[in-house]
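Undergrad: One structure coming up, written as structure tokens, with questions to follow.
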Amino acid sequence: MKIRKATKKDIPEMGNLIKKEFAKSPYKEKWSKTSLNKTLKDFFNSGYAILATDSKNIIGLIILKEQEYCDGKWMVIEELVVDGKFQGRGIGRKLIEEIENISKKGKFSQIYLSTHKGSKAFQFYKRLGYKESKKTVFMRKILK
Ligand SMILES: CC(C)(COP(=O)(O)OP(=O)(O)OC[C@H]1O[C@@H](n2cnc3c(N)ncnc32)[C@H](O)[C@@H]1OP(=O)(O)O)[C@@H](O)C(=O)NCCC(=O)NCCS
């Protein structure tokens, strides 16, 4: 497995991986090619992505955004996904370790993300030392 920074040329293959994995439970997301392409292009304008690849394919990706806050810089994980065929082999951990190294070198004050409570990802992040914030809750209003 190799780790490299993504370029805009990777967008279609990144899109395929996101579409495939987030169609599964508990997410059941139905992404169209158009909306996924737009979302990924927007991510590239505001941040960057790091990929895990095998000899020919993208097998994992993490999308990041750096934000400036009152207490310094925050590294925001916008998306993390490992191809189902390769999950449970340490690839997610490797991607997180990679961005933790970048964040430490860049003197970021914290790494921030939101995740689905019923997902494997929630257990995965806890295993890697991430904690639920005591002060912040994620709120929304569904508009019908
Ligand atoms: C979450 C995800 C990225 C984890 O990637 P992965 O490559 O399968 O995880 P790893 O093999 O690197 O696991 C790292 C550690 O987390 C633990 N872990 C992974 N899934 C776990 C689970 N469901 N419950 C408990 N621990 C878990 C592993 O046991 C491992 O521990 P260890 O390194 O101490 O042995 C992957 O399952 C995935 O892509 N899921 C679908 C998309 C998703 O939910 N993305 C997150 C959106 S915010």
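Undergrad: Checking the a/c ratio against 1.5 first, then a/b against b/c, what shape does the Cα gyration tensor give for region 71-144?
TA: Oblate is the answer for region 71-144, as a/c is 1.5 or above yet b/c matches or exceeds a/b.
Undergrad: So who's got an amide H within less than 5 Å of the one on residue 59, skipping anything under 5 residues away but keeping other chains? H placed 1.01 Å off N, in plane.
TA: 52, 53, 54
Undergrad: OK, next. Which whole-Hz couplings ³J(HN,Hα) result when phi for each residue of region 2-10 is put into the Karplus expression 6.51 cos²θ - 1.76 cosθ + 1.60, θ = phi - 60°, listed in order with x for Gly and Pro?
TA: Karplus values, whole Hz, x for Gly and Pro: 10, 10, 8, 6, 7, 10, 4, 5, 7.
Undergrad: Lys/Arg Cβ at +1, Asp/Glu Cβ at -1, dipole of region 39-144 taken about the Cα centre: which of 102, 128, 40 is farthest positive-ward?
TA: Most positive-ward Cα: 128.
Undergrad: Antiparallel DSSP bridges in region 58-124: what percent, to the nearest 5?
TA: Of all bridge pairs located within region 58-124, approximately 75 percent are antiparallel.
Undergrad: Next up: Using a probe radius of 1.4 Å on heavy atoms only, what accessible surface per residue do you get for region 1-87? Whole Å² is fine. Let's see the in-between values first.
TA: Working: 5050 Å² over 87 residues.
Value for region 1-87: 58 Å² per residue.
Undergrad: Could you tell me which of the pairs 41/73; 2/131; 41/144; 56/134; 33/135 are separated by over 31 angstrom between their Cα atoms in the structure shown? Don't skip to the answer; put the middle values down first.
TA: Details: 41/73 23 Å; 2/131 28 Å; 41/144 27 Å; 56/134 42 Å; 33/135 37 Å.
Exceeds cut-off: 56/134; 33/135.
Undergrad: Right, another one. If you take every DSSP beta bridge fully contained in region 8-144, what fraction is antiparallel? Give it as a percent rounded to 5.
TA: Of all bridge pairs located within region 8-144, approximately 85 percent are antiparallel.
Undergrad: For region 1-113, what is the charge dipole size about the Cα centre, in debye to the nearest 20, if Lys and Arg each add +1 at the Cβ and Asp and Glu each add -1 at the Cβ?
TA: About 400 debye.
Undergrad: A follow-up question, please. Put +1 on the Cβ of each Lys and Arg and -1 on the Cβ of each Asp and Glu in region 53-144; which of 119, 87, 60 then has its Cα farthest toward the positive end of the dipole?
TA: In region 53-144, that residue is 119.
Undergrad: Check the straight Cα-Cα distances from residue 19 and name the aspartates and glutamates below 18 Å, setting aside those fewer than 8 residues away within the same chain.
TA: Filter leaves 10, 29, 42, 78, 79, 83.
Undergrad: Checking the cross-link filter: which aspartates and glutamates have an alpha carbon closer than 17 Å to that of residue 105, excluding same-chain neighbours under 8 positions apart?
TA: 66, 68, 71, 97
Undergrad: Tally up the carbon and sulfur contribution to the accessible surface of region 48-123 as a whole percent, 1.4 Å probe, everything protein left in place.
TA: Carbon plus sulfur share of accessible area: 48 percent.
Undergrad: In a Debye calculation with equal point scatterers on the alpha-carbon sites of the chain and no solvent, what is log10 I(q)/I(0) at q = 0.09, 0.12, 0.13, 0.14 Å⁻¹?
TA: After summing over all Cα pairs, the log10 values are -0.28, -0.51, -0.60, -0.71.
Undergrad: While we're looking at this one, here's another question. Would you give the gap between the C-alpha center of region 5-63 and the C-alpha center of region 105-137, rounded to a whole Å?
TA: With region 5-63 and region 105-137 each reduced to a Cα centre, they are spaced 20 Å.
The values are calculated or read from the model by the stated rules, or taken from the named source; none is laboratory data. This is a predicted model, so every value here is computed, not measured. Quick reminder, even Gly has a Cβ in these numbers, built from the backbone with ideal geometry, and neighbours come from all protein chains shown. With ligands, DNA and RNA removed, areas are computed over all heavy atoms of the protein, side chains included. Shrake-Rupley method; radii C 1.70, N 1.55, O 1.52, S 1.80 Å.
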